[in-house]
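Below: one structure, written as structure tokens.
The values are calculated or read from the model by the stated rules, or taken from the named source; none is laboratory data. Owing to the predicted nature of the structure, the values given are computational and were not obtained by experimental measurement. Every residue, glycine among them, receives a Cβ derived from its backbone with ideal geometry; neighbour counts consider all protein chains shown. Areas reflect the complete protein model, heavy atoms only, side chains present, ligands, DNA and RNA absent. Shrake-Rupley method; radii C 1.70, N 1.55, O 1.52, S 1.80 Å.
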Amino acid sequence: MTTLFDNARLIDPEAGTEDIGALLVRDGLILGTGPDGAALLATEGLDRATVEVVDCRGKCLAPGIVDIGVKVCEPGERHKESYRSAGLAAAAGGVTTMATRPDTMPSIDTPEVLEFVRRRANAAGPVHVLPMAALTKGREGREMTEIGFLMDAGAVAFTDCDHVVRDTKVFSRALTYARSCGALVIAHPQEPGLSAGAAATSGKFASLRGLPAVSPMAERMGLDRDIALIEMTGARYHADQITTARALPALERAKANGLDITAGVSIHHLTLNEFDVADYRTFFKVKPPLRSEDDRQAVIEAVASGLIDVICSMHTPQDEESKRRPFEEAASGAVALETLLPAAMRLYHSGQLSLPQLFRAMSLNPARRLGLSAGRLTAGASADLVLFDPDTPFVLDRYTLHSKSQNTPFDGARMQGKVLATYVAGEAVFRRD
Amino acid sequence: MSFSHRHLLGIEHLAPTDIVTILDLADTYAELNRRPNKHSDALAGLTQINMFFENSTRTQASFELAGKRLGADVMNMSMQTSSVKKGETLIDTAMTLNAMHPDLLVVRHPSSGAVDLLAQKVNCAVLNAGDGKHEHPTQALLDALTIRRAKGRLHRLNVAICGDIAHSRVARSNILLLGKMENRIRLIGPPTLMPSGIGEFGVEVYEDMNEGLKDVDVVMMLRLQKERMDGGFIPSEREYYHRYGLDAEKLAKAAPDAIVMHPGPMNRGVEIDGTIADDINRSVIQDQVEMGVAVRMAAMDLLARNLRERSAA
């Protein structure tokens, strides 16, 4: 089957362009793009009558979002989020690939659990699901998991999520072994002693609110340690979230030294700061905690320059009970699959990041890091696409979200940018009426 | 007299005029409390529940006495031995209490922000009797009243707050209140007991007690919690007393008529020399306890007036 997406503003993160044009899809793969739909059909020798035509009416067509670090709460806490609900949320949010986290109950740390997850995911979801596995058994930082078997079973990366492997010997061996398998290791750069018990970033706000706080320096200390270990082991490494200005020079040096290192940042750290917590609003409690405005600006610049490679949702469903508690005791995390794109549009409308820059960080770079052909508009790539209008204004009502949990910090927020349709392998998996 | 707040959750939300309103009314209650007949009917017919999720003798007794003198029906609930131990959440506890139709809820909780959370879920007026490391508004108000009565004013004073600032809700509320009333505030303590971002608080920070106390009008000592004494934040009790304990020698640096305050309970020989605490010419520690009852009466009276106005409207 052949589909022509005509009259679209093509957001091409590889070329860095956003020109009006057309895109042709055949059998789930992108056949090609061109400035004119008719000419594109002619070069392929196709007749407009024999292909399905989607008139994009000048709206933006971009490669679908590849989201590294989505928490789906299966196995263990299906009431918070299932593969079905997460898949619907992803489709509605323009996310066409979810790399899912292993911080479930139990952890995804054996090939058997991973196979269960893959079965559940494939049966339920409209979008691609790529499971990640734990780096150490039970995410306890003591023994490495069966990295080879887990890769054979389909694990795309290895991570203990927000658990830092404290024991450097254990971590260095796991990194060494992972390198021998060619596995990607994703870590949470943080000095665990300094950050223990923290609910906020240290500074005036945390002190006024009387919240246990962590210095932003803890992130740099964690990253510095990890960089030394990558240099030692040669492992492929991705820092899940770099959120502070102080960590950026270390990242820059590591990249300049040729280490195989990339870094991500969550959309919340790009669009919110510590003061948004206001009077102990627990939906704003994330991990690491929201940072100062100076840090936020520095991190946006790092995304613009490409120093930070990836923007992710860090989608973390939490039920009402775990959030309706005093701030210190409340659970961390926020759902974000559906708010990722509209929140990212804030950065576009503020003039800080262009649409190609945003989709380089949300689609192209994460796809590259995971070795996927998706994330681009080039011929031969999987036709995972999102059609959106960056300007449509709306007020977010959290009860309209598809996730089973609705713990979003953007409830009631004025946002701009709506997904109109999402396509996975050329098939529409979401259409806004 | 204008006081339009529904709850008393912290000094942060109060305007200087609110503070003066409370203190003025508290002055009249201080006089009432010295009379043989100490009874008023300001809270007659109202129910006051004291909910303490954290140990407290003094504050709870002060609130209880304040309520009883104003004619309220007062109930004390010690939450440490109750359903909280059985796993009930704070919200459920609040909803349960709410169903009993209290008018005034006095709450102390070990988590910062817990009292704010509770106030969102109940229909009555909530008074924060201390939440975690956040605020303890009635303590700051009683300190303010004590200072105003001893010094004749509550502005343009040099006030030193000394000791464990980082873990102290008393310090936070006092910094906010004294700042709003336009006083110069100095914080004195070891850097390990200073909160982060202290430079942005509009205060002067000193690590040396002798330097920091120079010419101050008011010396506020803070209690050093036992669990912070051993190695974690300071090397030892005796070194702390040597460097930061208030003794005659250090107090001599302050203005000759400087007053000495302490929120209690005191650790004699840790943060304060016993003879200074007992010196009737310098120490106003007993006045603080007395003003505590008066300030709490005033705060509850004002909140009750708003309750009645709202239910009449």
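Once the convex hull of the C-alpha atoms of the protein assembly as shown is built, how many Å³ does it hold per residue, rounded to a whole number? Let's see the in-between values first.
Details: hull volume 129.9 nm³, N = 746.
With only Cα atoms used, the protein assembly as shown gives 174 Å³ per residue.
For an R0 of 41 angstrom, estimate the FRET efficiency from the Cβ-Cβ distance between A:ASP294 and B:SER78 and round to the nearest 0.05.
Details: r = 45 Å, r/R0 = 1.10.
Computed FRET efficiency for A:ASP294 and B:SER78: 0.35.
Give me Rg/Rg_expected for the range A:64-369, where Rg uses Cα atoms only and Rg_expected = 2.2 N^0.38 Å with N residues. Can you show the working numbers first?
Values: Rg = 17.9 Å, N = 306, 2.2 N^0.38 = 19.4 Å.
In units of the globular-protein estimate, the range A:64-369 measures up at 0.92.
So what's the back-of-envelope 222 nm ellipticity for the protein assembly as shown, counting only DSSP H runs of four-plus at -39500 (n - 2.57) apiece and dividing by all residues, rounded to 500? Display every interim value, and only then the final one.
Details: 26 runs with 249 residues, N = 746.
Roughly -9500 deg cm²/dmol at 222 nm, from the helical runs in the protein assembly as shown.
Skipping prolines and chain starts, which residues have an amide H placed within reach, meaning under 5 Å, of the one on A:ALA381, given they are 5 or more residues away or on another chain?
So A:ALA381 has HN proximity to A:ILE30.
Hey, what's the range A:64-369 come to in accessible area per residue, 1.4 Å probe, Å²? Could you put the intermediate results ahead of the total?
Numbers: 10020 Å² over 306 residues.
Value for the range A:64-369: 33 Å² per residue.
Would any residue of the range A:384-407 have its amide N under 17 Å from a label point 7 Å out along Cα→Cβ of A:GLU320? List them or say none.
A:397-407
Taking the range B:140-174, which trypsin sites (Lys or Arg not before Pro) meet the DSSP loop condition and have no more than 12 other C-beta atoms within 10 Å?
Answer by residue number: B:ARG153, B:ARG156.
Two decimals is fine: what's Rg over Rh for the range A:113-243, C-alpha atoms, Kirkwood radius as Rh? Mind showing how you got there, number by number?
Values: Rg = 16.7 Å, Rh = 16.0 Å.
Across the range A:113-243, the Cα-based Rg/Rh ratio is 1.05.
Take each complete run of DSSP H in chain A, measure how far its Cα atoms stretch along the helix's own axis, and keep only those covering 30 Å or more with mean Kyte-Doolittle hydropathy at least -1.0; list them.
Details: long enough: none.
For chain A, where a helix must reach 30 Å along its axis and average at least -1.0, there are no hits.
Efficiency by 1/(1 + (r/R0)^6): what FRET value for A:ARG166 and A:GLU252, r their Cβ-Cβ distance, R0 = 35 Å, to the nearest 0.05? Don't jump to the answer; show the numbers that get you there.
Values: r = 26 Å, r/R0 = 0.74.
The calculated FRET efficiency here is 0.85.
Going 7 Å from the Cα of A:ASN122 in the Cα-to-Cβ direction, what parts of the range A:350-373 have a backbone nitrogen less than 20 Å from that spot?
Once the point is set 7 Å along Cα→Cβ of A:ASN122, A:371-373 turn out to lie under 20 Å by backbone N, inside the range A:350-373.
If you count, for every residue in B:124-133, the Cβ atoms of partner chains within 10 Å of its Cβ, what is the mean?
Numbers: counts 0, 0, 0, 0, 0, 0, 0, 3, 7, 7.
Mean partner-chain Cβ count within 10 Å for B:124-133: 2.
Taking the Cα-to-Cβ direction at B:ASP92 and at A:GLU112 and moving 7 Å from each Cα, how far apart do the two end points lie in nm?
Each label point lies 7 Å from its Cα, and together they span 3.4 nm.
Select from the range B:152-221 those GluC sites (Glu not before Pro) which occupy a DSSP coil region and have at most 14 other Cβ atoms within 10 Å, ordered by residue number. Please report the intermediate quantities before stating the final value.
Working: sites: B:GLU182, B:GLU200, B:GLU204, B:GLU207, B:GLU211; in loops: B:GLU182, B:GLU207.
Here the GluC sites (Glu not before Pro) that fit, given the DSSP loop and packing criteria, are B:GLU182, B:GLU207.
Which lysines have a Cα lying under 17 Å from the Cα of A:LYS59, excluding residues fewer than 8 positions away in the same chain?
List returned: A:LYS418.
Among the GluC sites (Glu not before Pro) in the range B:244-313, which ones are in a DSSP loop with at most 15 other Cβ atoms within 10 Å of the Cβ? Mind listing them? Don't skip to the end; give the middle numbers.
Details: sites: B:GLU249, B:GLU271, B:GLU290, B:GLU309; in loops: B:GLU271.
Sites meeting the loop and neighbour criteria: none at all.
Report the calculated FRET efficiency for B:SER56 and B:ASN210 (r = Cβ-Cβ distance, R0 = 41 Å), to the nearest 0.05. Walk me through the intermediate numbers first.
On the way: r = 34 Å, r/R0 = 0.82.
The computed FRET efficiency comes out at 0.75.
Please give the contour-minus-distance gain from A:ASP279 to A:VAL53: 0.36 nm per residue of separation, less the Cα-Cα distance, rounded to one decimal in nm. Walk me through the intermediate numbers first.
Details: separation 226, 0.36 × 226 = 81.36 nm, distance 5.08 nm.
Result for the pair: 76.3 nm of gain on full extension.
If you find the alpha carbon centre of the range A:11-59 and of the range A:391-433, how far apart are they in angstrom?
With the range A:11-59 and the range A:391-433 each reduced to a Cα centre, they are spaced 25 Å.
Given a 10 angstrom Cα cut-off, can you work out which residue in A:ALA413, A:ALA330, A:ALA22 is the most mobile in a GNM of chain A?
A:ALA413
Where the convex hull is taken over the Cα atoms of the range B:176-220, what is its projected area averaged over directions, in nm²?
3.3 nm²
With viscosity set to 1.306 mPa s at 10 °C, what whole-number translational diffusion coefficient in µm²/s follows for chain B from Stokes-Einstein and a Kirkwood radius over Cα pairs?
80 µm²/s
Between A:LYS404 and residues 5 or more places away or on another chain, which pairs have amide H atoms under 5 Å apart, with H built 1.01 Å from N, and which residues are they?
Here A:SER82 satisfy the definition.
Let a ≥ b ≥ c be the square roots of the eigenvalues of the Cα gyration tensor of the range A:285-332; is it rounded (a/c under 1.5), or, if not, prolate (a/b larger than b/c) or oblate?
Values: a/c = 5.02, a/b = 2.13, b/c = 2.35.
Oblate, since a/c reaches 1.5 and b/c is not below a/b.
Which whole-Hz couplings ³J(HN,Hα) result when phi for each residue of the range B:241-257 is put into the Karplus expression 6.51 cos²θ - 1.76 cosθ + 1.60, θ = phi - 60°, listed in order with x for Gly and Pro?
Those phi angles translate into 4, 4, 8, 10, x, 7, 10, 4, 4, 6, 5, 4, 6, 6, 4, x, 9 Hz.
Mind listing, in residue-number order, the residues in the range B:171-216 that have at least 40 Å² less accessible area with every protein chain present than in their own chain alone (1.4 Å probe)?
B:ARG172, B:SER196, B:GLU200, B:PHE201
My understanding is that a pair violates if its Cα-Cα distance is over 20 Å; which of B:LYS38/B:LYS68; A:LYS255/A:LYS285; A:LYS323/B:LYS226; B:LYS151/B:LYS253 do that in this structure?
On the way: B:LYS38/B:LYS68 10 Å; A:LYS255/A:LYS285 31 Å; A:LYS323/B:LYS226 32 Å; B:LYS151/B:LYS253 18 Å.
Over 20 Å apart, Cα to Cα: A:LYS255/A:LYS285; A:LYS323/B:LYS226.
For the range B:180-220 and the range A:99-139, write down the distance between their C-alpha centroids in whole Å.
Computed from Cα coordinates, the inter-centre distance equals 53 Å.
Nearest-5 percent of antiparallel DSSP beta bridges in the protein assembly as shown? Spell out each step's value before the answer.
On the way: 33 of 99 bridges.
That works out to approximately 35 percent antiparallel.
Helix B:16-33: angle to the longest alpha-carbon principal axis of chain B, degrees 0 to 90, nearest 10?
On a 0 to 90 degree scale, this one is about 80.
Roll a 1.4 angstrom probe over the protein heavy atoms and tell me the percent of accessible area of the protein assembly as shown that is carbon or sulfur. Could the numbers behind the result be given before it?
Numbers: 13890 of 28490 Å².
With neighbouring chains kept in place, the figure for the protein assembly as shown is 49 percent.
So for the range B:36-111, Kirkwood radius off the Cα pairs, Stokes-Einstein at 37 °C and 0.692 mPa s: how many µm² s⁻¹? Numbers along the way, then the final one.
Values: Rh = 13.1 Å.
Once the numbers are plugged in, D ends up at 250 µm²/s.
Run through the DSSP bridge list for the range A:64-369 and note the antiparallel percent, rounded to the nearest 5. If you can, show how the numbers build up before the last one.
On the way: 1 of 26 bridges.
Counting DSSP beta bridges with both partners in the range A:64-369, the antiparallel share is about 5 percent.
Could you give the nm distance between label points at B:ALA255 and A:ARG431, where each point is 7 Å from its Cα heading toward the beta carbon?
Taking the two extended label points, one gets 7.9 nm.
How high is the relative contact order of chain A, given as a whole-number percent (alpha carbon pairs under 8 Å, six or more residues apart)?
Details: 1075 pairs, mean separation 85.0, N = 433.
For chain A, the relative contact order is 20 percent.
Over the whole of A:321-329, what's the average partner chain Cβ count within 10 Å per residue? Rounded to a whole number, please.
Working: counts 3, 0, 0, 7, 7, 15, 8, 7, 6.
Per residue, the average neighbour count from other chains is 6.
Report the Cα centroid-to-centroid distance between the range A:202-238 and the range A:281-334 in angstrom, as an integer.
14 Å
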